[in-house]
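Quick notes on the structure that follows.
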Amino acid sequence: MPLTFEESVLSKARKIKLLLLDVDGVLTDGRIIYDSRGRDSKFFDVHDGMGVYALSKCGIKTILITAKGSRSIRPRARDMHVESVFENISPKTKVLDKILQKYNIGLDEICFAGDDLVDLCLMKKAGFPIAVFNACPEIKQVASYITLREGGRGAVREIAELILKAQGKWQDILRIYDI
């Protein structure tokens with residue numbers, strides 16, 4: 001059964017030119033595994049990656065903003081065709097003016113997906129703030145949309161499809177794959 005969205009959600013999604021994503025808990029399931037040498041590993045969902053790639057094919061760039069750096073983020077970002085990665089950023093609004101200027105866009109053209117308190121400052125600024133299903137209550141309270149899927153479990157793909165369908169670009173993606 002296809003998802004239906006409120007007009008207020010679709011209206012915000014139609015304006016989006018740039019997707020900003022938190023990493024841990026949004027693009028990953030939030031688990032961080034350390035090996036015996038202290039190196040971390042993260043779990044990424046292939047469907048989320050396809051969603052980010054689909055956005056890039058339609059001219060909507062994605063930027064990752066994380067309060068914690070990790071060696072695993074940049075290779076995954078490259079695979080998904082992510083535009084930029086900002087690591088070790090706190091507060092996350094610290095890079096917002098730079099992003100707005102570089103891409104010549106307004107706050108209403110930015111979608112930001114978050115899950116935890118460190119994301120709250122950017123959630124309150126973005127034109128289209130989205131909380132993943134398993135986000136903390138404070139994030140859900142300021143979100144314009146709450147995904148049906150959990151972070152690292154298809155939430156980003158859901159966001160990508162929402163934006164692309166609202167903008168009438170989803171059919172372009174289907175044509176790429178001969179559907």
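The values are calculated or read from the model by the stated rules, or taken from the named source; none is laboratory data. Everything numeric here is computed off the predicted structure, so don't read it as measured data. Positions of Cβ are backbone-derived with ideal geometry, glycine not excepted, and every protein chain shown enters the neighbour counts. We work out accessible area using only protein heavy atoms, side chains counted, and drop any ligands, DNA or RNA first. Shrake-Rupley method; radii C 1.70, N 1.55, O 1.52, S 1.80 Å.
Rolling a 1.4 angstrom probe over the protein heavy atoms, how many square angstrom per residue are accessible across the stretch 1-112?
On the way: 6010 Å² over 112 residues.
With the other protein chains kept in place, the stretch 1-112 gives 54 Å² per residue.
Report the residue, chosen from VAL82, VAL46, VAL156, that carries the largest GNM mean-square fluctuation when the chain is represented by alpha-carbon nodes joined by springs under 10 Å.
Largest GNM mean-square fluctuation: VAL46.
Give me the percent of DSSP beta bridges within the stretch 29-179 that run antiparallel, rounded to the nearest 5. Display every interim value, and only then the final one.
On the way: 2 of 11 bridges.
Bridges in the stretch 29-179 that DSSP calls antiparallel: roughly 20 percent.
In the chain, carbon and sulfur make up what percent of the accessible area (probe 1.4 Å)? The partial results should precede the final answer.
Numbers: 4540 of 9150 Å².
For the chain, the apolar C and S fraction of the accessible surface comes to 50 percent.
Are there any chymotrypsin sites (Phe, Trp or Tyr not before Pro) in the stretch 100-179 that are in a DSSP loop and have at most 16 other Cβ atoms within 10 Å? List them by number. Mind showing how you got there, number by number?
Values: sites: TYR103, PHE112, PHE133, TYR145, TRP170, TYR177; in loops: PHE133, TYR177.
Qualifying residues, ordered by number: PHE133, TYR177.
Choose one answer from PRO75, PRO129, PRO137: the residue with the largest mean-square fluctuation in a GNM of the chain with alpha-carbon springs under 10 Å.
PRO75
Would you mind putting 10-19, 47-56, 29-38 in packing order, based on average other-beta-carbon counts within 10 Å, highest first?
Numbers: 10-19: 19.2, 47-56: 21.8, 29-38: 10.6.
Descending packing order for the listed peptides: 47-56, 10-19, 29-38.
Quick one: Karplus J couplings for the stretch 76-93, per residue in order, coefficients 6.51, -1.76, 1.60, θ = phi - 60°, nearest Hz, x for Gly and Pro?
Residue by residue, the stretch 76-93 yields 5, 4, 4, 4, 8, 6, 6, 5, 8, 10, 10, 10, 6, 9, 7, x, 5, 5 Hz.
Return P(r) of the stretch 116-162 (all Cα-Cα pairs; 10 Å bins starting at 0; whole %; ordered from short to long distances).
Per 10 Å bin, starting at zero, the Cα-Cα P(r) for the stretch 116-162 comes out as 31, 58, 11 percent.
Relative contact order for the chain: what percent, with Cα pairs under 8 Å and sequence separation of 6 or more?
Across the chain, relative contact order equals 28 percent.
Output wanted: per-residue J couplings in Hz (rounded whole) for the stretch 62-71, from phi through Karplus 6.51 cos²θ - 1.76 cosθ + 1.60, θ = phi - 60°, x for Gly and Pro.
With coefficients 6.51, -1.76 and 1.60, one gets 10, 10, 9, 10, 10, 7, 10, x, 6, 5 Hz.
Return the inverse of the average 1/r over all pairs of distinct C-alpha atoms in the stretch 26-103, which is the Kirkwood hydrodynamic radius, in Å to one decimal. Could you put the intermediate results ahead of the total?
Values: mean 1/r = 0.0734 Å⁻¹.
Every distinct Cα pair counted, the radius reaches 13.6 Å.
Could you give the length gained by full extension between CYS136 and GLU87, i.e. 0.36 nm per residue of separation minus their alpha carbon distance, to one decimal place? Provide the component values of the computation, followed by the final result.
Working: separation 49, 0.36 × 49 = 17.64 nm, distance 2.16 nm.
Length gained, CYS136 through GLU87: 15.5 nm.
Rounded if a/c is under 1.5, else prolate if a/b is larger than b/c, else oblate: which is the stretch 62-108, with a ≥ b ≥ c the root eigenvalues of its Cα gyration tensor?
Working: a/c = 3.16, a/b = 1.40, b/c = 2.25.
Judged from the Cα gyration tensor, the stretch 62-108 comes out oblate (a/c at least 1.5, b/c at or above a/b).
Scaled to the compact-protein estimate 2.2 N^0.38 Å, what is the alpha-carbon radius of gyration of the chain, rounded to two decimal places? All intermediate terms of the calculation are to be shown ahead of the outcome.
On the way: Rg = 15.3 Å, N = 179, 2.2 N^0.38 = 15.8 Å.
With N residues counted in the chain, Rg over 2.2 N^0.38 Å equals 0.97.
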